[in-house]
Amino acid sequence: MAPGPVEELNPPQRTLLGPGPSDVDPRVLRAMSAPILGYLDPEFIKIMDGVAEMLREVFGTADAFTLPVSGTGSAGMEAALANLLEPGDVAMVVENGYFGLRLSEIASRHGAEVVTVPVEWGQTASPEAVEAELKKHPKVKLLAAVHAETSTGVLQPLKALAKLAHDHDALFLADTVTSLGGSPVDFDAIDIDFAYSATQKCLGSPPGMSPVAIGPRALEVIKNRKEKPRTWYLDLGLLLQYWAGGTRVYHHTAPMSMIYALRESLRLVLQEGLEVRFARHRKNGRALRAGLEALGLKLLVPEDRCTYQLTSVFIPDGIEDGPLRRRLLDEYHIEVGGGLGQFGGSMWRIGLMGESSTASNVLTLLSALETLLPESGFEVAGGAGVSAASQSLAAD
Ligand SMILES: *Cc1c(COP(=O)(O)O)cnc(C)c1O
């Protein structure tokens, strides 16, 4: 056979320990090679219903509408804001990191007046600060917050914020992109009105779908809009006619292979068991933290407000960000993330998400750092990181 214009596709096998995407189980990749069905094939509708059902379980909701929006996590974010807000509405956004900024940006592009609650990066928002802002702005229609802020590694408690939103007749929107599948989201118990996520963080699928959960109050708002949303592709009213109800109406061609992947990854999540999965993320995250600290590195976020699926660590003095991460990639095939926004160049972001959250990944990364850091001029006690992580793993 004549060679094609470029060589055969052959990407290297990496260990993905960045802020997402994370490693994908071979079962999920195999599911993607299943036959393509028509978008209204009864067999495909059954597959969609199974996905929606499993999503309800993972979000922690008995009867919210769930569906995966086509696109990555930002598509779910945009779908939420474009459907819940109308031009002139007031949206309040808790901004304690890069994805809070993105929420504000998208809300304002859809014509909302955005009020922000600025919080220092690395901190959580206090309910008191949010309440004070809500009192100042009586017409807030929606309060939005990021559950696991992937730019810092902070886990924002949501319960008090959801209650404040409802006490002020506002909807509560949660970004659960990095939390879903890695820590409890508890959609019903927290009384979230709308949550969106992504497949490539703690759910263990490739990037490409954004699962959303829509509670009854949010659904009312979507159904009773004065104007149609200014997005056709992400119009949730139309998407729900395809994803739910007795008669399914074509909207856009569902990306079948991505939905197969999501389905298989949700099966893996539920086979492992949510509680067991959360405990695994916690145990490996704690071991990583112990190992990094034993190497003399400083963490941005103390354990009492950290998310175990993403750890932000300051790059030690004298170490250059780019070259070290390049050596990790070239010599150890490990990807870790650089800093985002104000932390660009000063922070590494180490993800232990989904399939990537394993004890052996923690130990391999620490052992690689024990070799690379001294070679770049930062002395570490040999073996200290691996040893502290092993002890943490054994104790947990
Ligand atoms: C990754 C991420 C997003 C954006 O998701 P994409 O899949 O990159 O579009 C939004 N919010 C948080 C918290 C994230 O970590």
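The values are calculated or read from the model by the stated rules, or taken from the named source; none is laboratory data. Since this is a predicted model, take the numbers as computed values, not measurements. Using ideal geometry, Cβ is built from the backbone for each residue, glycine included, and neighbour counts are taken over all protein chains shown. Note: areas computed on protein heavy atoms with side chains; ligands, DNA, RNA excluded. Shrake-Rupley method; radii C 1.70, N 1.55, O 1.52, S 1.80 Å.
Taking the empirical scaling 2.2 N^0.38 Å for compact globular proteins as reference, region 274-395 has a Cα radius of gyration ratio of 0.99.
Dividing the convex hull volume of the alpha carbon atoms of region 65-223 by its residue count gives 95 Å³ per residue.
In terms of packing, defined here as the mean over residues of other Cβ atoms within 10 angstrom, the peptides 222-231, 188-197, 55-64 line up highest first as 188-197, 55-64, 222-231. Spatially close Lys pairs in the chain, defined by Cα atoms under 28 Å apart and a spacing of eight or more places or different chains, total 28.
ASN10 to ASP330: FRET efficiency via 1/(1 + (r/R0)^6), r the Cβ-Cβ distance, R0 22 Å, to the nearest 0.05?
That pair, ASN10 with ASP330, gives E of 0.85.
Excluding ligands, DNA and RNA, the accessible surface per residue across the chain is 42 Å² with a 1.4 Å probe. For PHE65, the residues 5 or more places off, or on other chains, whose built amide H falls under 5 Å of its own are ILE214. Ranked by the mean number of other Cβ atoms within 10 Å of their residues, highest first, the peptides 25-37, 137-149, 118-130 fall in the order 137-149, 118-130, 25-37. Which FRET efficiency, nearest 0.05, do ALA129 and ILE36 yield, Cβ-Cβ r, R0 41 Å? In this case the efficiency is close to 0.25. For region 256-265, the Karplus equation 6.51 cos²θ - 1.76 cosθ + 1.60, evaluated at θ = phi - 60°, returns couplings of 3, 5, 5, 6, 4, 4, 4, 4, 5, 5 Hz by residue, with Gly and Pro reported as x. Here the chain yields Rg over Rh of 0.99, to two decimals, using C-alpha coordinates and the Kirkwood radius. Put +1 on the Cβ of each Lys and Arg and -1 on the Cβ of each Asp and Glu in the chain; which of HIS137, LEU219, ALA395 then has its Cα farthest toward the positive end of the dipole? Checked the options; the winner is LEU219. Here the accessible area is traced with a 1.4 Å probe on the protein chains. For the chain, carbon and sulfur cover 54 percent of it.
Under a 5 Å amide H cut-off, with hydrogens placed 1.01 Å from N, ASP175 pairs with ALA145, VAL146, HIS147 among residues at least 5 apart or on other chains. Once you reduce region 64-92 and region 243-284 to the center of their Cα atoms, the two points are 19 Å from each other. Summing +1 for each Lys or Arg and -1 for each Asp or Glu among the other residues whose beta-carbon sits under 10 angstrom from that of ALA148 gives -1. Annotation: amide H-H contacts under 5 Å for ALA34 (H modelled 1.01 Å from N, sequence separation of 5 or more, or interchain): none.
So which GluC sites (Glu not before Pro) in region 277-337 pass both tests, a DSSP loop state and at most 12 other Cβ atoms within 10 Å of the Cβ? Don't skip to the end; give the middle numbers.
Values: sites: GLU293, GLU303, GLU320, GLU331, GLU335; in loops: GLU320.
When the GluC sites (Glu not before Pro) of region 277-337 are filtered for loop state and at most 12 Cβ neighbours within 10 Å, GLU320 remain.
So for the chain: antiparallel DSSP bridges make up what percent, rounded to the nearest 5? Just about 50 percent of them are antiparallel.
Every Cα-Cα pair in region 214-310 was counted, and those over 18 Å apart are 69% of them.
Note that region 6-14 has calculated 3J(HN,Hα) couplings of 10, 6, 4, 5, 8, x, x, 7, 10 Hz, one per residue in order, obtained from phi through the Karplus relation 6.51 cos²θ - 1.76 cosθ + 1.60 (θ = phi - 60°); glycine and proline are x.
Please give the FRET efficiency for LYS223 paired with ASP396, using the beta carbon to beta carbon distance and R0 = 45 Å, rounded to the nearest 0.05.
Working: r = 47 Å, r/R0 = 1.03.
Result of the calculation: an efficiency of 0.45.
A Stokes-Einstein calculation at 10 °C with viscosity 1.306 mPa s, built on the Kirkwood radius of region 104-181 over Cα pairs, returns a diffusion coefficient of 121 µm²/s.
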